[in-house]
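Quick notes on the structure that follows.
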Amino acid sequence: MNFDIVVVGAGASGISAALTASECGAKVALLEKGDKFGGAGMFGAQGLFAVESRAQKEAGVKYSLKDAYEEIINYTHHSSNALMVKAILEESAATIDWMAESGLETELVTNTQEVHQEHPRTYHQFIDKFNGFKRVMNKFLESGGVLMTETSAEEIVQEQGKVTAVKANRKGEEITLETKAVILADGGFVGNKDEIKRTLAIDPDDLYSMGERKATGDGLQMLKEAGGVSDYKRIFENHAATVYSKTDPKWHNASLFDLTNIPLLWVNREGKRFTNEDVVYDFALWGDSVYQIGGYYYFLFDQATVDYLRQQALDWASSFERTFRLLDKKTMTYQVGPYPQLDQDLNEGISQGAVFKADNIQKLAEKITVDPANLTATVNRYNELVVEGKDMDLYKDDRFMTLSVKEGPFYAVRANSTTLGTVGGALVNEHFEALNVKRQVIDGIYAVGNDASGLYDSSYPTIEGLSNAFAWNSGRIAGRYASAYAAMN
């Protein structure tokens with residue numbers, strides 16, 4: 001089988017790269033390890049970032065390409081690839097139009113997180129997402145592209161510094177695809193436990209992964225074997241925190257999930273407060289705060305709060321409410337609860353090892369293995385601040401300083417660090433051409449999406465939809481450059 005370009009991975013970045021290259025006249029094979037295309041870009045994401053799109057201009061959104069560029073560059077402390085940042089942003093509005101022309105429409109909506117409501121609108125939510133992805137794939141197939149599911153790429157073959165083929169395994173059969181170029185788009189390495197352990201700064205047992213399990217770092221390994229850099233600025237997409245059972249991965253408790261998403265009293269493994277808890281309303285910063293303390297914390301409350309929530313709603317927003325209600329076209333309630341079955345839910349959480357209960361703070365400290373003196377001092381100090389109605393220590397908003405922790409029994413719920421996946425590893429330039437250790441271009445090899453480094457610094461960006469925008473736009477850019485390269489070789 002002979003192709004101009006082989007794209008490895010049929011998620012958002014791979015699909016965009018494959019269709020773009022095919023539209024440029026290249027003969028393209030798109031390989032997908034699983035039996036379904038789409039990846040995290042379809043099954044996880046609900047939209048993407050863009051700047052100066054037609055919808056933004058029509059809505060009068062005052063947010064320029066320069067504004068976006070400066071926001072990202074400053075967020076990363078100027079340690080991102082400035083040319084890459086500019087390239088992604090310049091591509092973003094055209095990508096929204098291109099997606100619509102390809103059958104995947106979006107709509108400009110309010111930003112999905114409470115803390116971002118004053119930020120200019122940049123989030124373009126998918127309309128009819130799953131059917132839209134199918135239409136994009138159909139357009140790729142109609143243009144002459146070939147989709148191979150249940151096909152894992154294993155090796156990039158080179159002769160005299162040029163890509164000549166990709167070796168792959170298709171449903172147990174070893175195959176060779178002759179090609180001039182390869183685009184690595186298989187989603188990073190979040191599904192590879194060994195690579196996670198090697199890269200992660202916390203205990204892997206304290207990380208809850210929401211990432212693509214098929215993303216096992218195959219592309220990065222092939223890149224390394226082909227002379228590229230595969231471990232440049234690898235980061236985890238730290239995203240919020242969650243309560244889960246280590247013995248039952250399917251366990252989920254809605255009320256405990258909601259309580260995780262509000263700014264109650266949080267303590268680290270020392271029994272101390274560690275952040276302004278209303279960081280809960282910014283998913284990326286919330287995730288970073290949990291990661292930097294070692295991967296988990298406990299949120300505390302007392303029986304008086306339980307009794308209240310069993311019968312009445314708390315006038316605080318759940319941090320995820322807007323995200324879900326935008327999808328359902330519903331208005332915000334700005335309420336949490338009531339939860340008539342909260343006692344039962346807490347008992348269920350105790351049985352799953354996620355909730356801890358004790359008659360006094362010292363016994364609670366022993367159950368969660370934190371220093372009793374520290375926890376006692378933290379709770380006493382927090383209760384003093386609640387009486388004052390003002391957080392003079394870590395500056396949580398006054399409206400959340402209403403729930404003391406005084407009436408036993410007391411509860412502690414463990415919330416663990418959560419990741420959406422990994423980003424980075426492949427050292428590339430702004431055209432997404434792979435570079436070697438001397439930062440020289442490796443002919444015919446490209447890396448995009450979660451495989452590619454350059455946009456981020458040390459953490460997942462707080463700008464909504466930027467990760468998915470990076471996937472779609474890096475794919476389009478690489479698709480164009482790879483097709484031009486293939487045409488000349």
Dipole magnitude (debye, nearest 20) for the chain, charges at Cβ of Lys, Arg, Asp, Glu
540
Non-local residues with an amide H under 5 Å from the amide H of TYR232, with H modelled 1.01 Å from N and Pro and chain starts lacking one, are GLY425, ALA426, LEU427
If you keep only loop residues by DSSP, which chymotrypsin sites (Phe, Trp or Tyr not before Pro) in segment 372-409 have at most 15 other Cβ atoms within 10 Å of their Cβ?
TYR395
Report in % the part of the accessible area of the chain that belongs to carbon and sulfur, leaving out ligands and nucleic acids; probe 1.4 Å.
48
Run lengths n ≥ 4 of DSSP H only: what is the helix-derived mean residue ellipticity at 222 nm for the chain, with -39500 (n - 2.57) per run over all residues, to the nearest 500?
-10500 deg cm²/dmol
Check cross-link reach from LYS171 to the lysines: straight Cα distance under 17 Å, and skip same-chain residues fewer than eight apart.
LYS33, LYS36, LYS214
Cα gyration tensor of the chain, axes a ≥ b ≥ c as square roots of the eigenvalues: rounded (a/c below 1.5), prolate (a/b > b/c) or oblate?
prolate
Accessible heavy-atom area order of LEU108, LEU375, highest first, probe of 1.4 Å
LEU108, LEU375
Could you order the peptides 168-180, 22-34 from most to least packed, using the average number of other C-beta atoms within 10 Å per residue?
22-34, 168-180
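So for segment 234-335, considering every pair of alpha-carbon atoms, how many percent are separated by more than 16 Å?
Beyond 16 Å sits 63 percent of the P(r) for segment 234-335.
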Output ³J(HN,Hα) for segment 230-244: one whole-Hz value per residue in order, computed from phi by the Karplus curve 6.51 cos²θ - 1.76 cosθ + 1.60 with θ = phi - 60°, and x for Gly and Pro.
10, 10, 8, 6, 6, 10, 9, 7, 4, 8, 6, 8, 8, 9, 8
Here FRET efficiency (C-beta to C-beta, ASP343 to LYS367, R₀ 25 Å, nearest 0.05) is 0.85
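Where does each of 74-83, 464-473, 285-294 land if you order them by average Cβ count within 10 Å, highest first?
464-473, 285-294, 74-83
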In whole angstrom, the spacing between the Cα centers of segment 431-489 and segment 123-185 equals 16
Label-zone membership for segment 53-80, site ASP457, 7 angstrom Cα→C-beta point, backbone N under 13 Å:
70-80
Shape call for segment 91-217, from the Cα gyration tensor axes a ≥ b ≥ c (a/c under 1.5 means rounded, otherwise prolate when a/b beats b/c, else oblate), comes out oblate
Restricting the count to DSSP beta bridges whose residues both fall in the chain, what percent are antiparallel, rounded to a multiple of 5?
70
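Mind giving me the FRET efficiency for GLU178 and MET332? R0 is 56 Å, r the Cβ-Cβ distance, nearest 0.05 is fine. Please report the intermediate quantities before stating the final value.
Working: r = 55 Å, r/R0 = 0.98.
Step by step, r from the Cβ atoms, then E = 0.55.
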Global form of segment 38-99, assessed from the alpha-carbon gyration tensor, a/c cut-off 1.5
oblate
Within segment 386-417, what residues put their amide N at less than 15 Å from the label point 7 Å along the Cα-to-Cβ vector of ASP307?
404-411
How would you order 255-264, 114-123 from highest to lowest mean count of nearby Cβ atoms within 10 Å?
255-264, 114-123
³J(HN,Hα), Karplus 6.51/-1.76/1.60, whole Hz, each residue of segment 312-319, x for Gly, Pro
9, 8, 8, 7, 10, 7, 6, 4
Can you return the lysines within cross-link range of LYS86? Criterion is Cα-Cα under 23 Å, with same-chain partners fewer than 8 residues away left out.
LYS57, LYS62, LYS66, LYS233
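Restrict the search to segment 298-376; then list the trypsin sites (Lys or Arg not before Pro) that DSSP places in a loop and that have at most 16 other Cβ atoms within 10 Å of their Cβ.
Here the trypsin sites (Lys or Arg not before Pro) that fit, given the DSSP loop and packing criteria, are LYS329, LYS330.
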If you plug each phi of segment 36-41 into the Karplus form 6.51 cos²θ - 1.76 cosθ + 1.60 with θ = phi - 60°, what whole-Hz ³J(HN,Hα) values come out, in order, with x for Gly and Pro?
9, 8, x, x, 5, x
Can you work out the PRE-style zone for SER79? Point 7 Å along Cα to Cβ, and I want the residues of segment 205-230 with backbone N under 20 Å.
229-230
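The values are calculated or read from the model by the stated rules, or taken from the named source; none is laboratory data. Just so you know, these numbers come straight off a predicted model, no measurement behind them. Backbone-built Cβ (ideal geometry, glycine too); neighbour counts: all protein chains shown. Surface accessibility is based on the protein's heavy atoms, side chains included, excluding ligands, DNA and RNA. Shrake-Rupley method; radii C 1.70, N 1.55, O 1.52, S 1.80 Å.
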